[in-house]
Structures are given as C-alpha cells and as structure tokens.
Amino acid sequence: MVGKKRAKRTDLCRFQGFRCFSLRDHEIVVAFDEAITVTTGSRLPPIWNRSCDLAELRQLQGRLAPFLLKLLQAELEHEAKPDLIRRCRDPDIRDTCDYCWTLLFSAGWMCQHCGWEVCNECLCLLPSNSEKPEHQCLSRTGLYHTLPDFVPISRFAPGEVEQLILDIETMLHNIPPSCPFTVTPSIATAMQRADSNREIISIPHNELTNDLFVHLWARDDPYPLVVTPIPGRKLLQYPWTPEFFTNITGKTGCEAQDCETGDIVSTTVGDFYSLFGKEYDNRQVLRLKDYPSSELFQTTRPYSDLHPDLMNATPVSDYIRQDGCLNAASYFPRGAAKSDLGPKMYSALRDRNSIGSTRLHMDVAPAFNVLAYADSQGGANWKIFARKDADLLAAWMRKRYKIKGHPVHQQQIYLTDNNLVDLRKETQIHPYTIDQRQNQIVLIPPGCPHQVSNQVDCIKAAADFLLPDHLEHCLRLTTEFREENLVEGPWMVDVLQVKLTVLHAYVNIREQCMGLERSDLSSAANLEDYSMVIDDAQNPQQVYHSIPSSPGQFSTFQDPDSSTPSDLQDEDTMDKVMALQDTLQSNSSSAKSAYSGGIVIQQTKAEKNRENRERKKANKIMKCVTKSNEPFRCPWCSAMHQCSADILRHINTSHAFKKALSNTQAKSLKRAHQDELVEKLKDLSIP
Ligand SMILES: [Zn+2]
Ligand SMILES: [Zn+2]
Ligand SMILES: [Zn+2]
Ligand SMILES: [Zn+2]
C-alpha cells in the first residue's frame, strides 16, 4: 500500500468506504464515514484543559475562519469538476497523496482502475499520454498512468462545503471585538533589542500571559522566546535523569545515532545513559534515536506519567498543552490519523568539534522545548534565526554548500561559529543565541531555522502545538516540504496536517458555540464530552453499515431475536433497496456529513428507540438481499461485498462502469449469482 498509513484494520480495497449506509429518520441515507468511525471506537472527542466561554470560542473561531474559508472556496471549485466521486474520511487513515505524501484535505484525483490517488499539485506532473511512462498502474500490468485515468475526488458530503462557507461568512460578522493589548515598558525594550541586535527575549514562567504570548507571536516575524523557571518552584515533578530512565526501562533495546557519521548503533536505554557524565577521548557523540516514541508517551507507563508532568510544565498552557483549549491542534479527534505532535525526548551526549547535536532545520509546527536534565552546570546552545531571515539564509547556503534540495530542509548542515561570522559579513544576518539551562524552556515559532549544540550531556523534552495565527505560514512550510519529497522520494511526513486540523477545530468550536447558546451553561461543554465517551463505549455499534469490516465478515447490528440469515435472495426487496439508495444519493439534502469531527450528538430516549426499530428493519432487509456467506468480489480490485447490489454499486462508482451498461444488462447483472456475476462482468470491458 502506497502512502496510506493505517493503524488498525488492514486495507481491503482502495475503493472501500466510498459509501456506507445508515438508517436515520426512517430512511437509508448516505452516511459516508460515520458507520466505520463509530464502530471502530477510535473517534473519541477531545477533552480540554479547561472550558472556554462563548466569547473566547467565537474569537478563536474568527482566527481560524479566514484560512478555512480560502480552503473551502478551492474545494468548491474542485467539486464543480465533471465526474466527481465522493469518498468518506476514515479516522484511522491519513489520506496522503501517493506521489508527494502531502495530506489530502479533501480534493484529490484518483486512478479509476487502481485507486492510486494524487493531490491537485501532483496531477499536473502526470503525463497526458503514455509517451512518457513514469508510474505503472497497479491493476493493469504494463500500463502507465496518464491524465485521462484520473477522476476528481471529494471527501465532503454533497452541499457540505457550501454550508460551511455560508456559516463562516455569517460568523465573520459576529466576532466579539478583542481588547487592545499594551506591553510593559520592559517588554517593549526587549522587543526593540530583539529586532535590532537579535537579543533573545526572556520571560519568567508566570509572566508569560496568553495576551503577551499572542502579541509576541501573532506577527509576520514572531520572536523566539526563553521562559525561565520560577525560583523555588519545581518545574518537573518526576526526576528526568539518566538514572531514572535506566531504572524504569534500562533493559529496553533501542537505537543510538552517531551525530557525526549518522551511523546507527544498537544499544539499550541503560547502556546509552551509562555514557552520561563519562568523558573520554574520542567518545562518539551519540544521541538516542526516536526513544521513547510519542506513542509510548501517550499510552505506556511510566512514560504516560511523564506526559502530564511535561504538560503541567508548559507556559501559556492554553496554547501549548496538547489539550490546551486555544491550541488549534487540540481539536483533532483522537484516532490513528491524529497528528503526531509529540511529546518527544531528545537525549544526547555533549557535542564535540561543532558537529551539532541537532543540525540546522526548521519545523512546520511551533514547538516547546524544555531542558529537563543537564549534566553538571552546562546547558544546550541554540542558534535560532528570525523567520524573516530564513529566505536570505537559504539563499546564502545554496551558494556556499552543494546540497540537492532546500539547504535548510535537507538538515545536512550545522553552522559553526566561523560559518556564522562569514554569514554575518556577507548578508548582515545573524541568529538569536540561547544558552538553555536546566528547567529553561525555548519556544520556537514555525519557520525559524534553528540548530542545537549540547555543551554537556542533556535530556530535553519537546512537543508541538498550533497557534491559530500561524496557519498561513505552517501551510507554506508544508508546501516547501512537499517539494523536498519530490527531490529524493518521500521522507518528510506531513505530521501537522494543518488544513484538516483547522477544519476539525472550526467545526468542533462551532458545535460548542451552538451548544453554549442553546443551553447557556457555559461550563458544561467538557462534561458533555465525557458523558459521550461513556455512551459510545456502552453502545459501540450505533450505525448500520453495509461494508464488511473484514473479509467474509458481514457486520449487522446485534439483534437479540435474530435468526440465522436466510439463503433466500429476494430480488424485489433488493431492487427496492437499490432504488431507494439511488434516490437518496442524488438527493443532497438528505446526505449526512462526511466530515468526521469530534462532534457527538446526544440522543434522546425516543431517538434511541427509533434507531433500534430501524436497526431491526435494516437487519431484516439485509438478510433478504444477502445471498450467502460467500462475498461478491470485484474483478478489478480487492473489494468484497456481501450482496450483488453493493458490488454493482461499488463497480459503478469506483470503476465508472454505469454508462457502459444497457438497462437490460444492468438488470440481469443485479439478479446474477456470484460466479455468474463475475463471469458477466469480465465479459464487459471498463469504458
Ligand atoms: Zn501530491
Ligand atoms: Zn491506476
Ligand atoms: Zn526543531
Ligand atoms: Zn473494485
């Protein structure tokens, strides 16, 4: 499977999940993703550090809206293209372009034969005819992809984009005005010094307020910051020491990397940390590689205890905590496709000969970095360039170093003091310098090139977040990273998925605002979400879906008085179901949202009863149309469906088959049994 990162279920078919059906309001509606997401139970709504009041939510919405509006307007244009196919989002899959690995927000282009999908930008790179063979079609041996193979894809339900645009346009007129913010004279002086002489702004932990932070960061050229601990107060409660990590996971195998050569050494956590504090000649400058992973931090003790410890140490926690209510990334529903924003730990030995503990690079997301442990009295030396100097720096590096691709994004260079002198002489630019001490926090805005050299053996911990005012710039960086992927093949994964993150945030906040306006209980927002988590767990299969979740397994609702499925195929009922489904598909007003935000609507008792009745009805209908336990297989891809109606629908939508069939042909196919159907289908060629 190219480019799709699925965590839990194995991918059956590239075309799977285009449509699934759910019973609501006494009729079958196109449910898109909901059926799958609810039953896998991975779509838990987010929980925040505190609940916001209506004015705060409205303001946050207003900061996200202009960015989202532009995205949606582009989607609307895409949707107007002929032969559009709508497919659903799966919260367990990051839908990425199979060519450049950039996340697909919604719009894409898919090969109608093999399901290979590319983004709008990459479509232009495909040849218009087969004279320049480049990418082989996965399901047609010997044939190469050309432009005519591709049909436009949208992941929104019909009418959904228009609705969102309308909503944003109305909302933008109703944003409460924000209070003007004035800085203290000392901050004003610090800002001047930063501008004129690249002196880093340093602020005590308890003095960095939300407003001050936004003032310093929501600008074209945001200031990198150092946050100093409050004297006498412990920043981290756990001992983040080499001994501690040796004690808790010393025997765990891991990899260390030589910072100079890039060589990978197999070791254990204990053996690696035993090097701390032991200097000798020619000691390799090693760093622990990807250990512990952010997944360990989220899920496995004792690292999952360190996670809240780290979060409690964040300054401006509303913005920086992973569950911070003003952190735009906190609105992404918890699931396998959630952005990987850390936390991460960086353990490395003292740098030697200016090799660099971390080479010059820039990150797509803003980051928080705390020096949790430093051997003896030293620290970590940071060089951070202002964002507005980034282009000039890259141009200078391009001339000086022979690097294929973007000189900063390729992460191959550490600028020594001598290099920095040359740089300043030739371009007048120079970086902020920070000597980060234990318990000091460095805040790095996105788009600021930076590098680190440990002066002693260090353990750092870091996490990413998303400021609502940095969206445009984060997107610009994503685009630059995409170009890097085209240089040497995919290696940078679009972890931030800024577009989708903003969509989730906007829709979730909109729901919260509506809830607050309705109930006028401004503190209840988070509690409701908790109650829904419990509800979901008790009632995991809320929605019916017609796509089997694993081969041969046909999921129906658990029906206490269900009997064994009938082998009888009732063609009339099946035809009725198909006809009904067809009508509903073309009726955009009945379409359920394709968007899978963390919104769960509270069900009333009456609604639940009705759903139970519908569920029984659905099971009965499906028993009639299910012919046998042997599923129908698509002759062109690995899709499987339990009834012929579904497999025909699959073929119609996925392989653009419909137009090739006469009415009589279609009817006879609908009534065919498995072997017969496949034989008949094989005789017909795809248009
Ligand atoms: Zn692409
Ligand atoms: Zn193909
Ligand atoms: Zn970085
Ligand atoms: Zn197929």
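The values are calculated or read from the model by the stated rules, or taken from the named source; none is laboratory data. What you see is a predicted model; the values in this text were computed from it and never measured. A quick note on method: Cβ atoms are made from the backbone with ideal geometry, for glycine too, and the neighbour counts reach across all protein chains shown.
Descriptive notes on the structure:
- Index of the failed condition, residue 162 passing every other in (1) outside any loop (DSSP other than H, G, I, E, B); (2) surrounded by fewer than 19 Cβ atoms within 10 Å (Cβ to Cβ); (3) within 16 Å of ligand 1 (Cβ to nearest atom); (4) not polar (S, T, N, Q): (3)
Every residue, every condition in (1) closer than 27 Å to residue 327 by Cβ; (2) polar (S, T, N, Q), yes or no:
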residue	(1), (2)
194	yes, no
214	yes, no
220	yes, no
229	yes, no
235	yes, no
244	no, no
248	no, no
257	no, yes
263	no, no
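- Here is the figure for the stretch 186-236: residues that are among the aliphatic types (A, V, I, L, M) and part of a helix (DSSP H, G or I) total 8.
- Scanning the stretch 260-292 for residues that are modelled with pLDDT under 90 and either surrounded by 18 or more Cβ atoms within 10 Å (Cβ to Cβ) or not assigned by TED's automatic domain parsing to the domain that holds residue 345 (or both) returns 291, 292.
- Of all residues making up the stretch 120-132, the number that are away from ligand 2 (no atom under 16 Å from the Cβ) and at pLDDT 85 or above: 3
- Residue 109 meets the conditions (1) in a loop (DSSP other than H, G, I, E, B); (2) under 27 Å from residue 71 (Cα atoms); (3) in contact with a helix residue (DSSP H, G or I) (Cβ under 7 Å, 6 or more places away or on another chain) in every case but one. The failed one is (1).
- Single unsatisfied condition, residue 133 versus (1) touching a residue at least 24 places away in the same chain (Cβ under 8 Å); (2) more than 16 Å from ligand 1 (Cβ to nearest atom); (3) not basic (Lys, Arg): (1)
- Checking 403, 355 one by one, the residue that is hydrophobic (A, V, I, L, M, F, W, C), in the same structural domain as residue 227 (by TED's automatic domain parsing), at negative phi and without any contact (Cβ under 8 Å) to a residue 24 or more places away in the chain is 403 and no other.
- Taking first residues from the stretch 102-116 that are outside the structural domain of residue 480 (by TED's automatic domain parsing) and within 25 Å of residue 477 (Cα to Cα) and partners that are away from ligand 1 (no atom under 12 Å from the Cβ) and among the acidic types (Asp, Glu), the Cβ contacts under 7 Å between residues at least 6 apart in sequence or on separate chains come to 106/75; 107/75.
- Scanning the stretch 92-118 for residues that are charged (D, E, K, R) and either modelled with pLDDT of 90 or more or within 11 Å of ligand 2 (Cβ to nearest atom) (or both) turns up 98, 117.
- Residue list for the stretch 324-336, filter: in a loop (DSSP other than H, G, I, E, B) and over 19 Å from residue 209 (Cβ atoms): 332, 333, 335, 336
- Consider the stretch 165-178 and keep the residues that are modelled with pLDDT of 80 or more and surrounded by fewer than 12 Cβ atoms within 10 Å (Cβ to Cβ). The one that is farthest from residue 61 (Cα to Cα) is 166.
- Checking the stated criteria, residue 142 turns out to be surrounded by fewer than 22 Cβ atoms within 10 Å (Cβ to Cβ), modelled with pLDDT under 90 and either in a helix (DSSP H, G or I) or within 16 Å of ligand 2 (Cβ to nearest atom) (or both).
- Test result for residue 386, away from ligand 1 (no atom under 16 Å from the Cβ) and more than 26 Å from residue 242 (Cβ to Cβ): yes
- The listed residues are 181, 156, and the only one of them that is away from ligand 1 (no atom under 15 Å from the Cβ), aromatic (Phe, Trp, Tyr), under 24 Å from residue 93 (Cα atoms) and not assigned by TED's automatic domain parsing to the domain that holds residue 479 turns out to be 156.
- Residue in the stretch 98-139 that is nearest to ligand 4 (Cβ to nearest atom), counting only those that are exposed (fewer than 15 other Cβ atoms within 10 Å of the Cβ) and among the charged types (D, E, K, R): 134
- Count - residues of the stretch 434-478 that are more than 20 Å from residue 217 (Cβ to Cβ) and either in contact (Cβ under 8 Å) with a residue 60 or more places away in the chain or not assigned by TED's automatic domain parsing to the domain that holds residue 416 (or both): 14
- Those residues of the stretch 113-130 which are under 26 Å from the mean Cα position of the chain (by Cα) and away from ligand 1 (no atom under 12 Å from the Cβ), in sequence order: 114, 115
- Any strands (runs of 3 or more DSSP E) falling wholly within the stretch 337-438 and containing at least 3 residues that are surrounded by 21 or more Cβ atoms within 10 Å (Cβ to Cβ): 344-348, 367-374, 380-384, 432-436
- The single condition among (1) of a type outside the set (Gly, Ala, Ser); (2) more than 16 Å from ligand 1 (Cβ to nearest atom); (3) within 15 Å of residue 151 (Cα to Cα) that residue 76 does not meet is (3).
- Considering the stretch 213-231, the residues that are farther than 17 Å from residue 195 by Cα and touching a helix residue (DSSP H, G or I) at 6+ places or on another chain (Cβ under 7 Å) include one that is surrounded by the fewest Cβ atoms within 10 Å (Cβ to Cβ), namely 230.
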